[in-house]
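A short write-up of the structure that comes next.
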There are 2 protein chains.
Amino acid sequence: MTPVKSRVTVVGSGNWGSVAAKLIASNTLRLNSFHDEVRMWVYEEKLPTGEKLTQVINRTNENVKYLPGVKLGKNVVADPDLENAVKNANMLVFVTPHQFMEGICKRLVGKIMPNAEAISLIKGMEVKREGPCMISSLISDHLGVNCCVLMGANIANEIAVEKFSEATVGYRKDKQTADQWVHLFNTSYFMVSAVQDVEGVELCGTLKNVVALAAGFVDGLDMGNNTKAAIMRIGLREMKAISKLLFPTVKDSTFFESCGVADLITTCLGGRNRKCAEAFARNGGKRSFDELEAEMLQGQKLQGVSTAKEVYEVLSHRKWLELFPLFSTVHEICIGHLPPTAIVKYREQPPKFSIVEGSIQLF
Amino acid sequence: MTPVKSRVTVVGSGNWGSVAAKLIASNTLRLNSFHDEVRMWVYEEKLPTGEKLTQVINRTNENVKYLPGVKLGKNVVADPDLENAVKNANMLVFVTPHQFMEGICKRLVGKIMPNAEAISLIKGMEVKREGPCMISSLISDHLGVNCCVLMGANIANEIAVEKFSEATVGYRKDKQTADQWVHLFNTSYFMVSAVQDVEGVELCGTLKNVVALAAGFVDGLDMGNNTKAAIMRIGLREMKAISKLLFPTVKDSTFFESCGVADLITTCLGGRNRKCAEAFARNGGKRSFDELEAEMLQGQKLQGVSTAKEVYEVLSHRKWLELFPLFSTVHEICIGHLPPTAIVKYREQPPKFSIVEGSIQLF
């Protein structure tokens with residue numbers, strides 16, 4: 001009996017979704033355990049030429065709108081029909097902007113294969129007062145599937161041109177499925193490893209943006225690499241501490257993975273959160289983030305500013321503000337309650353607590 | 001009975017030594033547990049004006065040669081006589097170039113107070129085939145004193161102008177002494193914390209220079225932040241792995257401290273190792289490090305290149321080369337056996353071993 005081959009569908013076709021499809025398509029051709037074809041759900045758009053985006057992708061093998069100049073592979077098939085795109089797939093890769101995920105999940109209820117496995121590449125979940133609203137949980141809960149995550153230092157355009165990079169798969173229990181995702185994504189220039197810590201991996205992808213704002217303030221104040229490195233380190237420590245407080249299963253070691261320290265470094269060196277925060281500090285906080293965003297980002301929104309606010313609400317609600325001086329200072333700078341120079345003015349308050357059987361012991 | 005006050009002497013007066021004296025002098029004035037005066041041993045030099053360096057320091061409160069423009073504090077006393085400088089001190093701060101330490105230790109045998117405590121701020125110990133020759137051990141062994149270390153993201157000139165930074169004190173057993181060192185160095189802009197891991201802290205200060213070469217190659221090849229972040233992360237992992245193999249007491253958590261991730265970031269963003277490695281890669285490896293050093297560093301030597309060689313010898317001697325693809329590749333690039341592009345061409349070989357009761361279990 002021939003073992004059943006897996007069929008992969010990528011739900012999403014933006015910049016990162018297209019790169020993911022390219023990575024996957026190179027592997028499904030190479031590996032016997034996958035069907036060659038990779039279906040990619042594309043939110044249909046009419047291009048200035050009058051053609052439909054899916055038609056152009058299928059004719060040229062390029063996502064001319066979101067990843068021009070890069071061949072995705074002939075085995076990538078763009079499909080404008082969401083239900084049709086997923087109906088035969090047992091491996092579903094979600095890579096849309098996070099605000100669309102709830103709607104997509106609702107549309108997919110009852111439409112996917114019963115044994116399907118999912119993975120989320122979506123960074124930037126919302127953090128509600130009660131705690132983070134993990135995209136992987138959203139997918140699991142709506143669709144009744146196991147959902148892994150893939151995060152890391154992944155600037156789509158750099159991976160598209162095959163510059164060396166890494167990523168981390170976070171999985172819950174099933175190591176075998178995690179390994180299958182690793183095989184599906186791993187290439188000679190994109191090295192993927194798996195850790196058993198969905199929440200830790202997923203939280204890194206969101207929280208790093210708050211630290212990137214702090215790093216941007218340091219840049220805008222011309223404080224030098226030394227200070228920037230110190231702020232990034234304190235930020236990493238707070239990322240680790242809040243993740244462990246919210247999910248006691250989160251592992252320290254996850255923060256040494258690509259999703260942790262490497263993604264943090266990339267985001268604090270480049271990235272739009274850092275860039276706008278630098279401009280904010282250079283203007284002494286006198287021009288708001290809304291104004292700078294509008295001017296610098298052509299309509300894109302900064303995730304860091306809203307995540308900082310959300311994190312602040314969690315900290316405030318749980319009475320943890322003083323344990324997280326960097327996170328709380330970033331938010332207070334963003335809303336104008338503190339000047340940008342405050343980013344280095346707090347006294348360090350290393351989170352003084354331990355977690356005993358899931359509850360916090362302050363000391 | 002009045003408690004006995006501690007007397008501090010700084011052995012060394014280069015750029016970092018002068019900044020250390022400044023930090024310490026601000027605290028001895030402020031804290032009751034220390035005598036105000038901080039003695040600083042200065043290797044005497046005649047300045048172009050004909051004056052002696054110690055005389056100018058004592059007249060102007062500035063180290064005009066190694067830290068011009070920065071007041072050290074009136075309570076810093078420069079002393080050209082090494083034996084005289086240390087004779088009444090019970091807290092000795094060593095901060096000289098590492099190649100001078102053995103000679104200094106030999107001169108100090110029998111000349112220091114019997115109850116003295118020492119701390120080393122010296123980065124860049126040698127790594128011999130049998131293992132690293134820790135400066136803290138050199139001091140302990142020669143002088144029969146307990147020796148802590150202080151490492152971290154410490155660019156002397158940035159701390160001199162009171163830019164925010166951090167540092168890590170590594171101690172062996174005596175937490176109380178470690179806390180005293182923390183009090184002596186800690187200021188509002190220089191935040192110091194202590195960890196019980198001398199070897200881990202000290203090894204970070206040396207091994208980071210090898211990773212900085214790797215980061216410089218990535219810069220010289222214009223590979224972007226994503227690749228650079230990945231290489232820095234792999235480097236941090238190898239720093240952690242080799243430290244734990246050499247000293248099974250080394251803690252993972254040390255690498256999250258300032259001495260670990262923060263110093264690595266600073267060194268891979270600025271720093272002369274990174275800079276020369278960038279130039280090396282831009283020249284396709286066709287101009288040797290010796291040549292680039294001579295041209296770019298005004299006679300200073302690159303620690304990273306010799307450390308990479310020393311680490312390679314340890315790895316080779318212990319048959320660990322394949323466990324450390326980044327460290328070994330850096331050395332092979334430095335000596336021209338591999339092209340700079342090899343820095344991202346190895347296949348990742350995550351060190352597959354565990355340490356059981358101090359010996360390695362490969363699997």
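For segment A:200-342, what mean projected area does the convex hull of the alpha carbons give, in nm²? Kindly include the intermediate steps, with their values, before the conclusion.
Details: hull surface 31.2 nm².
About 7.8 nm², averaged over all directions.
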Reported to two decimal places, what Rg/Rh ratio describes the protein assembly as shown when computed on Cα atoms with Rh from the Kirkwood expression?
1.00
Run the numbers on segment A:1-114 and let me know its relative contact order in percent, using alpha-carbon pairs under 8 Å that are six or more apart.
33 percent
Amide H contacts under 5 Å for residue B:13, restricted to residues at least 5 apart in sequence or on another chain and with H modeled in the peptide plane, are B:43
Within the protein assembly as shown, what percent of beta bridges assigned by DSSP are antiparallel, to the nearest 5?
35 percent
Once both axes come from the Cα atoms, what is the angle between helix B:272-282 and the longest principal axis of chain B, in degrees from 0 to 90, rounded to 10?
30 degrees
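With a/c under 1.5 counting as rounded, go ahead and sort segment B:6-196 into rounded, prolate or oblate using the C-alpha gyration tensor (a ≥ b ≥ c being the square roots of the eigenvalues; past the cut-off, prolate if a/b is larger than b/c, else oblate). Please list the in-between numbers first.
Values: a/c = 1.40, a/b = 1.20, b/c = 1.17.
Rounded, because the longest to shortest axis ratio a/c is under 1.5.
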Assign one of three labels to segment B:176-284, namely rounded, prolate or oblate, based on the Cα gyration tensor with a ≥ b ≥ c the square roots of its eigenvalues; rounded applies when a/c is under 1.5, prolate when it is not and a/b is larger than b/c, and oblate otherwise.
prolate
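For chain A, what does the helix formula give at 222 nm: sum of -39500 (n - 2.57) over DSSP H segments with n ≥ 4, over the residue count, nearest 500 deg cm²/dmol? Intermediate results must be reported in sequence, preceding the final value.
Numbers: 14 runs with 159 residues, N = 363.
It lands at -13500 deg cm²/dmol.
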Under the Karplus relation with 6.51, -1.76 and 1.60 and θ = phi - 60°, whole-Hz ³J(HN,Hα) for segment B:118-133, x at Gly and Pro, equal 10, 9, 10, 9, 8, 9, x, 4, 7, 10, 8, 4, 6, x, x, 9
Rounded to the nearest 5, what is the percent of antiparallel bridges among the DSSP beta bridges in segment B:6-196?
25 percent
Quick one: Debye curve from the C-alpha atoms of chain A, no solvent, what's log10 I(q)/I(0) at q = 0.07, 0.08, 0.09, 0.13 Å⁻¹?
-0.31, -0.41, -0.51, -1.03
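Taking every DSSP beta bridge that has both residues in chain B, what percent is antiparallel when rounded to the nearest 5?
Numbers: 14 of 41 bridges.
So the antiparallel bridges in chain B amount to around 35 percent.
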Taking the Cα centre of segment A:81-135 as origin, work out the dipole magnitude from +1 charges on Lys and Arg Cβ and -1 charges on Asp and Glu Cβ, in debye rounded to 20.
80 debye
HN-Hα J couplings of segment A:7-22 from phi, Karplus 6.51/-1.76/1.60, θ = phi - 60°, integer Hz, Gly and Pro as x?
10, 10, 10, 9, 9, x, 8, x, 4, 6, x, 5, 5, 4, 4, 4
Normalised by the residues of chain B, what does the relative contact order come to in percent, with Cα pairs under 8 Å and at least six apart?
13 percent
May I ask you to list the lysines whose Cα is less than 22 Å away from that of residue A:111, ignoring any residue fewer than eight positions away on the same chain?
A:5, A:87
Across A:123/A:275; A:244/A:301; A:228/B:275, pairs whose alpha-carbon gap is larger than 25 Å:
A:244/A:301
Charged-residue dipole, Cβ positions (Lys, Arg, Asp, Glu), chain A about Cα centre, Debye nearest 20:
120 debye
Crossing angle, helix B:198-220 versus chain B [Cα axis fit, 0-90 degrees, rounded to tens]
50 degrees
Cα-centre dipole for segment A:200-342 with unit charges at Cβ (Lys and Arg positive, Asp and Glu negative), debye to 20:
200 debye
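Across peptide A:163-175, what mean number of C-beta atoms from other chains lies inside 10 Å of a residue's C-beta? Don't skip to the answer; put the middle values down first.
Numbers: counts 11, 15, 8, 8, 1, 0, 0, 0, 0, 0, 0, 0, 0.
Mean shielding count: 3.
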Per-residue HN-Hα couplings for segment B:232-239, Karplus 6.51 cos²θ - 1.76 cosθ + 1.60 at θ = phi - 60°, whole Hz, x for Gly and Pro?
5, 5, 4, x, 4, 5, 5, 4
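Give the average, rounded to an integer, of partner chain Cβ atoms located within 10 angstrom of each Cβ in A:148-154.
2
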With the cut-off at 1.5 for a/c, could you classify segment B:138-210 from its C-alpha gyration tensor as rounded, prolate or oblate?
oblate
Quick one: which residues, 5+ away or cross-chain, put their amide H under 5 Å from the amide H of residue B:192? H built at 1.01 Å from N.
B:167, B:187
Can you list the lysines whose alpha carbon is less than 19 Å from that of residue A:52, not counting same-chain residues fewer than 8 positions off?
A:65, A:71, A:74
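All of the numbers you see were taken from the coordinates with simple rules; none came from a lab. Not measured: the values here are computed from a predicted model. All Cβ positions, glycine included, derive from the backbone under ideal geometry; neighbour counts span all protein chains shown.
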